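Here the structure comes first, spelled out in structure tokens, and everything after it is commentary.
Bear in mind that the values in this text are calculations on the coordinates, not laboratory data. Everything numeric in this text was worked out from a predicted model, so none of it was measured. Cβ sites come from the backbone with ideal geometry, for glycine too, and all protein chains shown count toward neighbours.
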Amino acid sequence: MSSDALSNLMSENRRFEPPAEFAAAANAQADLYDHAAKDRLAFWAEQADALSWEQKWDTVLDWSGAPVAKWFVGGKLNVAYNCVDRHVEAGHGSQVAFHWEGEPGDTRTITYSDLQREVSKAANALIALGVKTGDRVCIYMPMIPETVVAMLACARIGAPHSVVFGGFSADALASRVQDADARVIITADGGYRRGAPAVLKPAVDEAVAKCPDVRNVLVVRRTGQDVAWTEGRDVWWHDVVDSASDQHTPEAFDSEHPLYLLYTSGTTGKPKGILHTTGGYLTQCAYTHKYVFDIKPESDVYWCTADVGWVTGHSYIVYGPLANRATSVMYEGTPDTPHQGRWWEVAEKYGVTILYTAPTAIRTFMKWGDDIPAKFDLSKIRLLGSVGENINPEAWIWYRRVIGGDKAPIVDTWWQTETGAIMISPLPGVTATKPGSAMRPLPGIGADVVDDNAKPVPNGHGGYMVLTEPWPSMLRGIWGDPERFKETYWSRFEGLYFAGDGAKKDDDGDVWLLGRVDDVMNVSGHRISTTEVESALVSHEKVAEAAVVGATDATTGQGIVAFVILRSSAGDGGADVVAELRAHVAKEIGPIAKPRQIMVVPELPKTRSGKIMRRLLRDVAENRDIGDVTTLADSSVMNLISEKLPSAASED
Ligand code: ATP
Ligand code: MG
């Protein structure tokens, strides 16, 4: 029996070298690792130098207040200036910043000059509404250009934003507005989702009823729906922003000035208000975006499909790409409106070269079938990225083959709301990737996998993912709760940041993320990760998605219970599908990992950011009442799954 904190069950022998031309022209070459290792802080100072500072810093890192770091101490800069104005000043005003595509098919083209005018106007309008440096502004918006403008306008005047995902309920919005003590909310009448206008303003009205300190609600007209109006409090964006001056001189703020707070997705429990600051955050966003996505501002069309309400949208739709003067695609709606090929149609139309998305989307496309993307010309795609969850090796292979034309490198990027930017990822022109592995910490990043005693595990073993050195874009705390900050991340291992994720190092020392440590299953004394069993299931040709959990078992301590979604091409899977899948897992990773039960389900419970919520499945598997579902995207899913239960008897 293994005494590892986490067993290492799977091995993967496939390797994918970057194409030669890609490697030759890549922004990041192999020497970047050595260069960073030689003098880590000097390396980060070099990255910070790529930004425009009004006043240069005195000290790169001050870690004396650990676990709260200060980066580029004494430096001053303006984030909006760095993301917009400096590009215009350098003569790139006519370059497109965003090709925006609305769900109904309306489009807008926004250049860097447009962005400069709009952000300046919005900054002036916010000032006229009494917003001052340091005030929090809540942004509750659909995926429209004004959302980006609103964020940059806040950054420009030093008013930290708190973006709340537009799919959240009035209650979720109210608690976040209260937690941040925001006095102004920026919203829209609604946005287009699934072929119809979805409303936002009524949720704001309901939330504000519980937030008496909210002074103003600034409303963008997007859908033209009728909205209730509170005179004196509500103001139209087209009234106050459009009429404001398009001249605004940005003020430089301290490197540690708060840039935003953002609540985590709530996969494991109550969301935490994560605080990010200015200089270090922007430095690491720009650095990672440049090297991980190999961005070439002259020729690339980059598309990050995340919602701007998540950290991925903050760092890789707004701050990183704009700091690097990228041309991006931004899409308002859902992937299957009006048809399941919509994303590929958009990618073809704008000539997307770099696509960054999440495994949940990839597995959905896999379920829908190869013939849908095959109808579109995706030949310009040269690089693919993944974030948010583990990408199962088969989903990785599918992504590369069907979307990446069997040639585009894939960067599987591990990071969190808390880390602010990518931490572990291949370098696309350097790394020979392995499907399912995030590979190595980026140059400048200190990360390791440790055992219960905080000792790095040897290659071939599993344990806990930790960060060993402070990094520029690290969170500076949980808003209003310094104790929870220390307790959650810094109390488990002395001096190390504990990420909450399990991981292993393979025989080459490459890192594989293995899911949340809270989800680890203990079967007959073996500590088995959910990820490895899920990946074994997804490697079967009939399976599109899988989620496994450990359920109390009289003989083995815990038994593995699997929930699977079949691919469209598999029909209902046939009479023996359960037996077939159990045998498949036993063959792929051994009898110990064979699920006790397998349930074929139509859907899985996911957070609004698309991550599987295993704790709810554990409730089902252990016949308990379903726990807190407030962060669940679609609560009817749990009924669909519970109905399946009686037929889920164990085979032996
Ligand atoms: P909460 O902390 O409230 O439970 P959350 O952890 O889902 O919410 P995020 O910060 O959006 O909120 O997600 C970060 C987590 O997502 C990571 O800790 C990890 O579990 C998972 N993750 C992100 N990228 C990857 C990746 N490339 N591979 C594996 N897991 C990933
Ligand atoms: Mg988390």
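Remark: the stretch 13-103 carries a charge dipole of roughly 280 debye about the Cα centre, counting +1 on each Lys and Arg Cβ and -1 on each Asp and Glu Cβ.
Between Asn522 and Ser94, the FRET efficiency estimated from the beta carbon spacing at R0 = 45 angstrom works out to 0.15.
Considering only Cα atoms, the convex hull volume of the chain works out to 146 Å³ per residue.
Restricting attention to the chain, close to 60% of DSSP beta bridges with both partner residues there are antiparallel. Each distinct pair of alpha carbons in the stretch 529-648 adds a 1/r term; the inverse of their mean, the Kirkwood radius, is 14.5 Å. Of all DSSP-defined beta bridges confined to the stretch 529-648, some 75% are antiparallel rather than parallel.
For the stretch 71-115 versus the stretch 257-290, the spacing of their alpha-carbon centroids is 20 Å. With 0.36 nm allotted per residue and the present C-alpha distance subtracted, the Glu206-Arg194 stretch has 2.0 nm of extension available. Note that the stretch 474-604 shows a convex hull volume over its alpha carbon atoms of 172 Å³ per residue.
One Cα centroid belongs to the stretch 596-617, the other to the stretch 387-419; the line between them spans 20 Å. Put simply, the amide H of Cys304, placed in the peptide plane, has neighbours under 5 Å in Val329, Tyr356, leaving out anything fewer than 5 places away on its chain. Using R₀ = 45 Å, calculate the FRET efficiency as 1/(1 + (r/R₀)^6) where r is the Cβ-Cβ separation of Arg624 and Arg215; round to 0.05. Plugging the Cβ-Cβ distance into 1/(1 + (r/R0)^6) gives 0.55. In a simple Cβ point-charge model (Lys, Arg +1; Asp, Glu -1; nothing else charged), the stretch 529-648 has a dipole of about 200 debye relative to its Cα centre.
Please say if the stretch 23-156 is rounded, prolate or oblate, where rounded means a/c under 1.5 for a ≥ b ≥ c the square roots of the C-alpha gyration tensor eigenvalues, and otherwise the choice is prolate for a/b larger than b/c and oblate otherwise? Oblate, because a/c is 1.5 or more while a/b does not exceed b/c.
Here the stretch 127-282 is treated as a sphere whose radius is the Kirkwood value from Cα pairs; by Stokes-Einstein at 25 °C and 0.890 mPa s it diffuses with a coefficient of 153 µm²/s.
Beta bridges assigned by DSSP with both partners in the stretch 61-207 are antiparallel in approximately 60 percent of cases. Decide, for the stretch 378-507, between rounded, prolate and oblate: order the square roots of the alpha carbon gyration tensor eigenvalues as a ≥ b ≥ c, take rounded if a/c falls under 1.5, and otherwise choose prolate if a/b is larger than b/c, else oblate. Prolate is the answer for the stretch 378-507, as a/c is 1.5 or above and a/b outweighs b/c. Full extension of the chain between Asp572 and Glu46 gives 183.7 nm of extra length, using 0.36 nm per residue less the Cα-Cα distance. Note on the chain: helix-only mean residue ellipticity at 222 nm, from DSSP H runs of 4+ residues weighted -39500 (n - 2.57) and normalised by residue number, equals -7500 deg cm²/dmol. Computing FRET efficiency as 1/(1 + (r/R0)^6) for Gln29 and Thr555, where r is the C-beta to C-beta distance and R0 is 51 Å, gives about 0.40.
Positive end of the dipole of the stretch 20-442 (Cβ unit charges, origin at the Cα centre): among Ala196, Thr334, Gly75, the Cα lying farthest that way belongs to Thr334.
With contacts taken as Cα pairs under 8 Å at a separation of at least 6 residues, the chain carries a relative contact order of 14 percent. The charge dipole of the chain, taken about its Cα centre with unit charges on the Cβ of Lys, Arg, Asp and Glu (plus for the first two, minus for the last two), comes to roughly 100 debye.
For the stretch 183-197, the residues whose amide N sits under 11 Å from a probe point set 7 Å from the Cα of Thr337 along the beta carbon direction are 191-197.
A straight chain from Ala228 to Arg108 at 0.36 nm per residue would run longer than the Cα-Cα distance by 40.4 nm.
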